[in-house]
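Inspection log for the structure reproduced underneath, given as structure tokens.
The values are calculated or read from the model by the stated rules, or taken from the named source; none is laboratory data. Note that the structure is predicted; figures quoted are calculated from it, not measured. Backbone-built Cβ (ideal geometry, glycine too); neighbour counts: all protein chains shown. Accessible surface is based on the protein model in full, side chains and every heavy atom, while ligands, DNA and RNA are left aside. Shrake-Rupley method; radii C 1.70, N 1.55, O 1.52, S 1.80 Å.
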Amino acid sequence: MSIRERLSTTMQMGAFGAFLAVERLQTGATFNPMRRGFRVNPYPTYRRLHEKDPFHLSRALNSWVLTRHADVSAVLRDPRFASGGRKVPRFKKMMEQRIAAGELTREEAEGQSMLGLDAPDHTRLRSLVSKAFTPRAVEALRPRVEQLVDEMVERAAAKGTFDVIREIAYPLPVIIIAEMLGIPPEDRDQFKRWSDEMALSVGMANEREQRRARDAQRAFRDYLIPILQERRREPREDLISALVAAEEAGDKLSLQEVNSTIGLILVAGNETTTNLIGNGLLALMQHREQFERLRAQPETIATAVEELLRYDSPVQGTSRNVLEDTEFNGHAIKAGQQLLLMIGAANRDPEQYKDPDTLDIGRADNKHLSFGNGMHYCLGAPLARIEGPAAINALVQRFPKIRLATEKLDWGDNIVLRGLRSLPVRVD
């Protein structure tokens, strides 16, 4: 059950405010992701949870909210807690109800991406997919990424005032992923629209947004199926062909598995990289001494981007399902509860980092969790570490006086995927 569904159930009971009052009374802190202020700036909430109750029981969500780096990192590596819902009786019952109501087909319900799978299903799928996503293949994309960034920055420069999201952060990952997959250029805009719609299902999507996400997933599937079938007959030098051909011990990916995997690559690779570029550049503009530091030492961009990922992570959280009553770090956790792992909070943990709320692009030993940990560590991290640095460094070096063109920032509503809808800037 999603955060939105858990909150909706609590609100229908008329108990949401009462639960928050009890949390505040017992611990001195609350967790209310529905509050608009939280989505604009979640870090004061994280700071209070760090100080008052870093292993926080949210009665409204029937979930534990974890904000310490050590706890989040440990749970991500702990096989006792399930990433997906296949092993959760309530989840399976809900899926059957949605299939019976015609909201989902059985194929859709069973065609989860790697994010929603646990061992051994996840192990099998990842071992096959990783063959088509090798470091060598990703590194070979660097010249193309740098070429695209240069072209986009030059076009933006001619305008004087432009939106970094629309002009650079938004199109860059779309073009790269579309080219990797072998998608025709004329379909890229539609590709991005499907990506944005499917991303609605991550986080606190309401019923209307969930329906839009399902519609996009179906349209995307219908678009891909003939392409997948064609690649089986006539392989090309692209990622779709590699996924179709991926094989391990005689095992192949089914068409549904390839479809789900490409959908994951599309959503994860687009939204998160866009947010890395937007959030990262914003942080540098808001901390001018760090901006000038990077401008004077462009060779430090790799370290700088790791700090930008820590400081304002594009992925703020994830969750794990508790399958049976257990004990973790001195807390009795019950079957049916969730562990909400607040990655954005873990990346600002004062027990892990000195001056965690300070942006320091030279920060050493920066073991952030923005790409996750354990078996679900982000497969696309190497690509993000090419695209993000290329775009951010190009903007910093090309525009020494770049500054915000607005006093009001437009943050998205998704509490899991944190990013700006737009980032208008002025350049001289």
>> Ranking request for peptides 211-218, 362-369, 389-396: highest mean number of other beta-carbon atoms within 10 Å first, then the rest in descending order.
In response: 389-396, 211-218, 362-369
> Based on the alpha carbon coordinates of the stretch 200-325, what radius of gyration and maximum Cα-Cα distance (Dmax) apply, in Å?
Replying inline: 20.0, 56
> Applying the Karplus parametrisation 6.51 cos²θ - 1.76 cosθ + 1.60 with θ = phi - 60° to the phi angles of the stretch 325-330, what ³J(HN,Hα) value in whole Hz is obtained for each residue in order, glycine and proline being reported as x?
Replying inline: 4, 8, 10, 9, 6, x
>> Heavy atoms only, 1.4 Å probe, whole protein assembly: order Tyr223, Tyr377, Tyr43 by accessible area, highest first.
In response: Tyr377, Tyr223, Tyr43
> How big is the accessible area of Glu351 in square angstrom, nearest 10, if you roll a 1.4 angstrom probe over the protein chains?
Replying inline: 140 Å²
>> Which order do the peptides 407-418, 277-288 come out in when sorted by mean C-beta neighbours inside 10 angstrom, highest first?
In response: 277-288, 407-418
>> Can you compute the helix-only [θ] at 222 nm over the chain? Use -39500 (n - 2.57) per DSSP H run of at least 4 residues, normalise by all residues, nearest 500 deg cm²/dmol.
In response: -16000 deg cm²/dmol
>> Please compute the Kirkwood hydrodynamic radius over the stretch 279-428, one decimal place, Å, based on all pairs of different Cα atoms.
In response: 17.1 Å
>> Can you give me the distance in nm between label points at Asp325 and Lys354, each placed 7 Å from the Cα along the Cα-to-Cβ direction?
In response: 4.6 nm
>> Please compute one quarter of the surface area of the Cα convex hull for the stretch 243-297 and express it in square nanometres.
In response: 5.9 nm²
> Put a dot 7 Å past each Cα toward the Cβ at Asn62 and Asp251; how far apart are the dots in nm?
Replying inline: 3.3 nm
> So how much accessible area does Thr406 have, in Å² to the nearest 10, using a 1.4 Å probe?
Replying inline: 40 Å²
> Using the reciprocal of the averaged 1/r over all distinct C-alpha pairs, how large is the Kirkwood radius of the chain in Å?
Replying inline: 22.6 Å
> How large is ³J(HN,Hα) for each residue in the stretch 352-369, as worked out from phi by the Karplus curve 6.51 cos²θ - 1.76 cosθ + 1.60 (θ = phi - 60°), to whole Hz, x for Gly and Pro?
Replying inline: 9, 10, 6, 6, x, 8, 9, 7, 9, 5, x, 4, 8, 6, 8, 8, 6, 10
> When ligands, DNA and RNA are left out and all protein chains stay put, how many square angstrom of accessible area per residue does the chain have with a 1.4 Å probe?
Replying inline: 44 Å²
> Which helices, counted as full DSSP H runs in the chain, have an axial Cα extent of no less than 24 Å and a Kyte-Doolittle average of -0.5 or above?
Replying inline: 255-286, 381-398
>> On the principal axes of its Cα set, how long, how wide and how thick is the stretch 176-241? Give whole Å, largest value first.
In response: 41, 22, 19
> Cβ under 15 Å from Phe55's Cβ, Phe55 left aside: what net charge do those residues give with Lys, Arg +1 and Asp, Glu -1?
Replying inline: -2
>> What is the percent carbon and sulfur in the accessible area of the stretch 311-417, measuring with a 1.4 Å probe over the protein chains and ignoring ligands?
In response: 48 percent
